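Worksheet: one structure, shown below.
The values are calculated or read from the model by the stated rules, or taken from the named source; none is laboratory data. Values in this document were obtained by computation on a predicted structure and should not be read as measured data. Please note: Cβ atoms are built from the backbone with ideal geometry, for glycine as well, and neighbour counts cover all protein chains shown.
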């Protein structure tokens, strides 16, 4: 997060630094200037004083030491230093005539005396190397002549040797006078006057310091003051910006800030206005997007629910289809049985009676019957696999024996089209643990397929074992030299009811189911089937099975699907979390759950699916639970379905008075929910008695009932029916009316005469045309009458379920 | 030739099978349900029973169990006939005490083969 005010501080600091810097620079320049001026000033003063003093000195010299003395060129002057007391040793080079007098005590004494007298430390030296001397003109232009010596106008100089000042520090300005021999231009030396200048220089420095020190507080004060003013100004300027910043930050954090209230007409005001507009636009956009998202989410949820529901419905429908196919297949077999059997008998008899011209036709009837039977068997197999009702019967058997068996069966078919069958299998191929019947059937399918599409060629059955994936596998490859298939044909190969194309079916016959079944069988046994084919060259189908087939554990999904058609539980609740909980709880028990997110949807699904149990919430938008309950109980098709209230509202009286079967309050006790649902689903079916003299009808009813997990007892007529009653009262009776010995009406009368007999629901299934009187009679005593010739097994099943699940099942 | 008890509730099937077996030279006794089958088994003493498993009243499974429970009928061979070509039926039939198993509709040659085999095994 940005620290508010930090901009102001930064700006103030920067500005202060600039101001202070500028002031310091100005001060420094001022100092510099005044320093130079001061030096100049003081040099002037000093030179004036010196002029006077030197005048005195020269006079003294002339008066006291008359003679041929002259100040001559000297060795470099060594000063004692700034710290020496005034009047210290002056080293000078004096000449007497042309002869330099070095360290002449006389001269020294002279100079000491001169120094003392003038209060000046005087020395005589030589300054020839201009590089080492910083010169300053003093402004004094007086040239003085004293005998042989001429003093040039004084100059201030800072003396250096190799860049370092010779004496002291920076104050060691030396004022000197170049000394010329009178009447010549040659400088023969300099007259130094070091000492007096130190104070001058110091004074000058002190003065400049004074100026600087006097200025410094002012400078600081100004700097601080300006900084403060700047800071305040900046703060003031930044305050609206900070308000905008705060608003932007809150916006960034997902809050909706208040409108930034800045009414100034400057740039900040404009910025605030723009921000306010932007925030408002953004808010509007976000609200719109949120609305859209909510709408889309709801649509998605709805379509998900619809999809789930569609899937459940499809599953149920698929189950029903498979069951129907299984039943139909069975129904079809019975008359086929007769057709095949009697055509065989007739063929035998025709041969016996030498009616040989009839034999080919009888064989055609027989052959067609067999073909039809194969179709039906295939359909039955496939529907069983698809209904998840195909079980594996695993046993260990020698592969070799099984192969021989299949080969001897297929041999006639192979020979039909002049094909040769080659079996390529090691003698020590060993055994396999698998479903013998299904493996045999699979191999038979592949071999008969190969024979069918090959003429005057070779069909090879190659069997090998292989190790892969840590397991032993058996590979059974059936190769033919037949017509082969194009990639397009291959793609459709394992689809049920699809042969390579329609003309193939006409030419080669077959159900088109063989390969589909073979593939399903292979998968059921944990194996697979692959195919390679080249048109015109032949095909190779390879069946790969584990040497040790393991029965597939029934998956929970499978259990849920299996349970689907029998005991669906419809959950009507607007809370998806509730659906999730109920689904998890019940699916663990193998009970399929169908969700409905509203009362309307719930009613619709209840009508479509006729669930075994409905759970119902009360507080729902739209049609509430009470309304849904009333609607359910008002619909004769649905009134029998037990409704379990599952709600937070504790109003059992209301629930029970409207017809609820059970009342559970949220939070739901899962165990209790399972118990209640189980109780209403009547798991395991009941005992049913089928009384019918028609075997086909009995078979059909039995299949239907067993499909619904009923335990079935059969009776051929009323008498047998009564005998069955004597062994125990069933939960349901399916009754034919027209029967030998004792008909349905008589049976009904006898049933009702027995104890408990009136409570047993009776469903009449008859081909008999009922008179109005009979119909009226039955309407009192039986639950429902079905027309045998137009019997819709789905409707019958629904009725059976209703009877089983309905709490008022015994009423008629 | 051997005596065969054919237990079959469907009239057409009963008729066909009995005629064809008779033509093959067997003596055929027919029963329409389980109870009748047990009665006739005791009365006629057949060497072999062709038992349809889905019968009204006492079904083929139960009839076979009862037949097996009767020490007097110990030597009789039983071939189960079921309408379902389901692999499980074979195991179920053998478990119930049948000696062999075949499916309906009957394939005559195959059934005859089984009959011969069973009769050959008769003590």
> Of A:439, A:394, A:443, which residue is more than 13 Å from every other protein chain (Cβ to nearest Cβ) and either farther than 30 Å from residue A:331 by Cβ or modelled with pLDDT of 85 or more (or both)?
Replying inline: A:443
> Is it the case that some residue within segment A:719-733 is buried (at least 24 other Cβ atoms within 10 Å of the Cβ) and within 14 Å of another protein chain (Cβ to nearest Cβ)?
Replying inline: yes
> Can we say residue A:341 is without any contact (Cβ under 8 Å) to a residue 24 or more places away in the chain, within 10 Å of chain B (Cβ to nearest Cβ) and crowded, with 18+ Cβ neighbours inside 10 Å?
Replying inline: yes
> Which residues, counting only those in segment A:416-441, are over 12 Å from residue A:402 (Cα atoms) and assigned to a helix (DSSP H, G or I)?
Replying inline: A:416
> Is at least one residue of segment A:354-374 within 8 Å of chain B (Cβ to nearest Cβ) and surrounded by fewer than 19 Cβ atoms within 10 Å (Cβ to Cβ)?
Replying inline: no
>> Being buried (at least 19 other Cβ atoms within 10 Å of the Cβ), at pLDDT below 90 and within 12 Å of chain A (Cβ to nearest Cβ) is true for just one of B:57, B:88. Which residue is that?
In response: B:57
> Of the conditions (1) assigned to a helix (DSSP H, G or I); (2) in contact with a strand residue (DSSP E or B) (Cβ under 9 Å, 6 or more places away or on another chain); (3) modelled with pLDDT of 80 or more, residue A:745 fails just one. Which one is it?
Replying inline: (2)
>> Yes or no: segment A:447-470 includes at least one residue that is in a helix (DSSP H, G or I) and within 13 Å of another protein chain (Cβ to nearest Cβ).
In response: no
> So is residue A:712 crowded, with 20+ Cβ neighbours inside 10 Å and within 14 Å of chain B (Cβ to nearest Cβ) or not?
Replying inline: yes
> If you go through segment B:26-49 one residue at a time, do you hit one that is free of Cβ contacts under 8 Å to residues at least 60 places away in the same chain, within 13 Å of chain A (Cβ to nearest Cβ), within 22 Å of residue A:335 (Cβ to Cβ) and touching a helix residue (DSSP H, G or I) at 6+ places or on another chain (Cβ under 7 Å)?
Replying inline: no
> So residue B:105 clears everything in (1) assigned to a helix (DSSP H, G or I); (2) facing chain A (nearest Cβ under 9 Å); (3) touching a helix residue (DSSP H, G or I) at 6+ places or on another chain (Cβ under 6 Å) except one condition, right? Which one?
Replying inline: (1)
> Looking at (1) buried (at least 20 other Cβ atoms within 10 Å of the Cβ); (2) under 30 Å from residue A:384 (Cβ atoms); (3) within 11 Å of the chain's Cα centre (by Cα), which is the one condition that is false for residue B:31?
Replying inline: (2)
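Tell me, which residue of segment B:62-77 that is surrounded by 21 or more Cβ atoms within 10 Å (Cβ to Cβ) and without any contact (Cβ under 8 Å) to a residue 40 or more places away in the chain is farthest from the other protein chains (Cβ to nearest Cβ)?
In this case the residue turns out to be B:67.
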